[in-house]
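These notes are about the structure you will find just below.
The values are calculated or read from the model by the stated rules, or taken from the named source; none is laboratory data. Note that the structure is a prediction, hence the values are computed from the model and not measured. Here Cβ is always computed from backbone atoms with ideal geometry, including for glycine, and neighbour counts include all displayed protein chains. Only protein heavy atoms, including side chains, enter the accessible area calculation; ligands, DNA and RNA are left aside. Shrake-Rupley method; radii C 1.70, N 1.55, O 1.52, S 1.80 Å.
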Amino acid sequence: MVRACVLVVAVACACWCAHASSHTFFWLSDAHLDQDVSCLRGSASGSSSSGGGGGSFGDYYCDSPEVLVDECIAFLQTLGTPEFVVWSGNTGSHAATSEDDVLKAISTVTTKLTAAFPSVPLVPCLGGFDVYPSFQMAEGPGFSLFDSLAQTWTAVLPTSAATTFQKGGYYAVSVSSTLTLIVLNTVYYSPQNALVTDDDPADQFAWLQLQLKELRSAGTQAFIVASIPVGGDEINGTENFAPKFNQRLLDIIATFPDVISGQLYGHEHTDSFRVFYNSVSDLPEQARSHRAVKLN
């Protein structure tokens, strides 16, 4: 079953971090832009079919029409100018039939966001629907999606991000003297990704640990930004990561609580908070498989 829905998250966030620094930013996720309004339509019985999608304004069971994305961005503009904009992936439509469809959606939203906030850092990451076929993310360099997006995001990504982005779709960017955003490609850890065979795809875990050690030495803070979150899906009860990857990321997070001030994830189309525990023994029994408890 394809669970298609209209969803553009657009929020203004004011976040307090360690060392008494605060940051105001916008956060968008899971636009699933359907420029053709082709619509994968879900029914109450759980079946799906393609349909007209309700015209230019879309339909409740369809992906986002372009007018919804435009209105979302226009609303954000009324809130003032943020320090940065987090864009946590899944811009491609559930109805995409090619990589070109996905790249067109990402390029369209990139153009809209950079035009709306020309002087503001835009911090994008990749989700399972930002590649075609969905979730099938291979390692680079040489993976066509990374090469194409490196061109699309030439003016968006910091120059220091070029090597790691084309290797694995991940990078880090400093948005202030006290805060670095560490952008992970967690599509690698999804059980739906059949292209991953390594224990550390694209050396992302090793890189993450190095980044956090350097930030600890510098006495500065980090946000983790990614699409697919660690733990499980509260709607259908499935695991978001393969178990070995879930454990590895949780262990890293538990090692650097003095550095990681926050984590921002998309993908699940719900508002939720997660509490991370140091060890499985600290968890309520019903949550021990995830080691991260949700407070909805």
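Tabulated values for the structure
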| item | result |
| --- | --- |
| Filter pass, Asp199 being at pLDDT 95 or above and on the phi > 0 side of the Ramachandran plot | no |
| Failed item, numbered, when Leu210 is tested on (1) assigned to a loop (DSSP other than H, G, I, E, B); (2) closer than 20 Å to Phe165 by Cα | (1) |
| Which listed residue, of Asp203, Asp147, Asp199, Asp101, is open to solvent by 20 Å² or more (accessible area, probe 1.4 Å), in contact (Cβ under 8 Å) with a residue 24 or more places away in the chain, among the acidic types (Asp, Glu) and over 26 Å from Asp233 (Cβ atoms) | Asp203 |
| Residue identified as over 19 Å from the mean Cα position of the chain (by Cα), within 22 Å of Pro133 (Cβ to Cβ) and modelled with pLDDT of 95 or more among Ala206, Ala218, Ala226, Ala194 | Ala194 |
| Filtered residues of the stretch 86-98 (kept if crowded, with 22+ Cβ neighbours inside 10 Å and within 21 Å of Ala150 (Cβ to Cβ)) | Val86, Trp87, Ser88, Gly89, Asn90, Thr91, Gly92, Ala96 |
| Lone unmet requirement of (1) farther than 17 Å from Val183 by Cα; (2) open to solvent by less than 40 Å² (accessible area, probe 1.4 Å) for Thr255 | (2) |
| Residue in the stretch 268-277 that is part of a loop (DSSP other than H, G, I, E, B) and touching a residue at least 40 places away in the same chain (Cβ under 8 Å) present | yes |
| Condition met for Thr163 (closer than 23 Å to Gly92 by Cβ and either open to solvent by 30 Å² or more (accessible area, probe 1.4 Å) or in contact with a Leu (Cβ under 8 Å, 6 or more places away or on another chain) (or both)) | no |
